[in-house]
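Only one structure is covered here, and it is reproduced in the block below.
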């Protein structure tokens, strides 16, 4: 009798443990199901394949700061922008229209806008100027039209939004999820695949959060990136306000704030320094030619040479290594070794097939104003 009781007790204990284990298993399974939602995969997936999206605690990421101090709107209005930002994945692109690095990101931004706008992506171009002329909304509108930018652009002319984000670079990319938390940042050119994959992830998270039957195409736009030389001359500034810590004016008279100075080119020229000839007015962010003729001589190493310049419809003459610029080396804005300078913008004057050491000579006329050399 005692043996039978013991056997019954043992069997009962086994059943209790087994039932408890099964209950725990299904409870755990329910929790896993709550934390992931199967999404039908697009792109190259086979029919029936699925992938899962893990829930993310957005609160561990900083909230995107507000757009403040906006002085103008292009492709939108304040009311339209506020409405369109709700529940969107937002890519804040800090740029300025004379920046060659910013210009080279436009093909990617335009492709992403076309591919993902109807899936919940909103690109906002935050135009934060480097030079005074870039604060003019008409100049910004001209650039937006020239580069066919159709997404909203806001003018951050006094860098209030720039400072609100703590940004320091052109271009600067801040990608926020649909709850407004910044999940990805990138500064400068490059890492386009990484950024696009993050856009896709945040769009799928948005779809899950809002209960939408929308998934982002998992393919990538696949645009060829700009190939940089292994070395190149750094950006060179002509304004005395920009010269601190990056003074590459080779003339012994140097910068003289607010003065019109007569410069002469010395016999010995140093690589990556520019030299002036003639009378040049020293301005905060540029130099303007005041004499009937003037020259800029620059020994440099690069493939492409750009200038940010303006003028009252003046022509400049360009020589490369003491000769007219050949078709193989001519930039988009150079014809017959001349460039017509009228608008306040970036001009591409040299575009060689390979990077190398050269000496550039620019001959200008009264009113020609130059802000910077940039290279690529």
Legend entry - Subset of the stretch 106-125 [buried (at least 23 other Cβ atoms within 10 Å of the Cβ) and within 11 Å of the chain's Cα centre (by Cα)]: 125
Inset, instruction - Quick one: count up the residues across the stretch 150-161 that are crowded, with 22+ Cβ neighbours inside 10 Å and outside any loop (DSSP other than H, G, I, E, B). - result: 4
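Test of understanding: among 114, 130, which residue is outside any helix (DSSP H, G or I), at pLDDT 95 or above, outside the structural domain of residue 240 (by TED's automatic domain parsing) and out of contact with any helix residue (DSSP H, G or I) (no Cβ under 8 Å at 6 or more places or on another chain)? Full working, then the answer.
Numbers: 114 fails: outside any helix (DSSP H, G or I).
So the residue among 114, 130 that is outside any helix (DSSP H, G or I), at pLDDT 95 or above, outside the structural domain of residue 240 (by TED's automatic domain parsing) and out of contact with any helix residue (DSSP H, G or I) (no Cβ under 8 Å at 6 or more places or on another chain) is 130.
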Legend entry - Boolean, residue 266 is outside any strand (DSSP E or B) and free of Cβ contacts under 8 Å to residues at least 40 places away in the same chain: yes
Inset, instruction - Can you tell me which residue within the stretch 296-342, out of those that are under 13 Å from residue 368 (Cβ atoms) and surrounded by fewer than 19 Cβ atoms within 10 Å (Cβ to Cβ), is nearest to the chain's Cα centre (by Cα)? - result: 342
Legend entry - Long-range neighbours under 8 Å by Cβ, at least six apart or interchain, first residue in contact (Cβ under 8 Å) with a residue 24 or more places away in the chain and at positive phi within the stretch 144-157, second part of a helix (DSSP H, G or I) and surrounded by fewer than 19 Cβ atoms within 10 Å (Cβ to Cβ): 148/110
Inset, instruction - Kindly indicate whether any position in the stretch 69-88 is more than 26 Å from residue 207 (Cβ to Cβ), in contact with a strand residue (DSSP E or B) (Cβ under 6 Å, 6 or more places away or on another chain) and surrounded by fewer than 16 Cβ atoms within 10 Å (Cβ to Cβ). - result: yes
Inset, instruction - Restrict the check to the stretch 345-355 and report whether at least one residue is assigned to a loop (DSSP other than H, G, I, E, B) and surrounded by 17 or more Cβ atoms within 10 Å (Cβ to Cβ). - result: no
Legend entry - Single unsatisfied condition, residue 244 versus (1) surrounded by 11 or more Cβ atoms within 10 Å (Cβ to Cβ); (2) assigned to a loop (DSSP other than H, G, I, E, B); (3) in the same structural domain as residue 296 (by TED's automatic domain parsing): (1)
Legend entry - Cβ pairs under 7 Å, 6+ apart, first in the stretch 332-344 and assigned by TED's automatic domain parsing to the domain that holds residue 305, second part of a loop (DSSP other than H, G, I, E, B) and surrounded by 14 or more Cβ atoms within 10 Å (Cβ to Cβ): 334/325; 337/325; 339/333; 341/311; 341/368; 342/311
Inset, instruction - Within the stretch 181-211, work out how many residues are surrounded by fewer than 18 Cβ atoms within 10 Å (Cβ to Cβ), outside any helix (DSSP H, G or I) and without any contact (Cβ under 8 Å) to a residue 24 or more places away in the chain. - result: 4
Inset, instruction - State which residue pairs qualify: first residue within 17 Å of residue 193 (Cβ to Cβ) and inside the stretch 96-120, second residue part of a helix (DSSP H, G or I) in any location, beta carbons under 7 Å apart, and separation of 6 or more residues or different chains. - result: 108/192; 112/196; 112/199; 116/199; 116/203
Legend entry - Some residue of the stretch 319-328 being touching a strand residue (DSSP E or B) at 6+ places or on another chain (Cβ under 9 Å) and either in contact (Cβ under 8 Å) with a residue 40 or more places away in the chain or under 21 Å from residue 238 (Cα atoms) (or both): yes
Inset, instruction - Would you tally the residues in the stretch 223-241 being more than 30 Å from residue 261 (Cα to Cα) and either part of a strand (DSSP E or B) or in the same structural domain as residue 193 (by TED's automatic domain parsing) (or both)? - result: 0
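Going by the conditions given, is residue 275 part of a strand (DSSP E or B), touching a residue at least 60 places away in the same chain (Cβ under 8 Å) and in contact with a strand residue (DSSP E or B) (Cβ under 9 Å, 6 or more places away or on another chain)? Steps first, please.
Working: part of a strand (DSSP E or B): yes; touching a residue at least 60 places away in the same chain (Cβ under 8 Å): no; in contact with a strand residue (DSSP E or B) (Cβ under 9 Å, 6 or more places away or on another chain): yes.
It is false that residue 275 is part of a strand (DSSP E or B), touching a residue at least 60 places away in the same chain (Cβ under 8 Å) and in contact with a strand residue (DSSP E or B) (Cβ under 9 Å, 6 or more places away or on another chain).
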Legend entry - Residues satisfying the stated conditions in the stretch 278-295, i.e. assigned to a loop (DSSP other than H, G, I, E, B) and under 22 Å from residue 375 (Cβ atoms): 285, 286
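Give the stretch 81-98 a look and list any residue that's part of a loop (DSSP other than H, G, I, E, B) and in contact with a helix residue (DSSP H, G or I) (Cβ under 7 Å, 6 or more places away or on another chain), or say none.
Initial filter on the stretch 81-98 (part of a loop (DSSP other than H, G, I, E, B)): 86-88, 96-98.
Across the stretch 81-98, the qualifying residues are 87, 96, 97, 98.
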Legend entry - Count of the stretch 162-180 residues which are outside any strand (DSSP E or B) and either out of contact with any helix residue (DSSP H, G or I) (no Cβ under 6 Å at 6 or more places or on another chain) or outside the structural domain of residue 202 (by TED's automatic domain parsing) (or both): 9
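The values are calculated or read from the model by the stated rules, or taken from the named source; none is laboratory data. The structure displayed is predicted, hence computed values, not measured ones. Note that each Cβ is placed from the backbone with ideal geometry, even for glycine, and that neighbours are counted across all protein chains shown.
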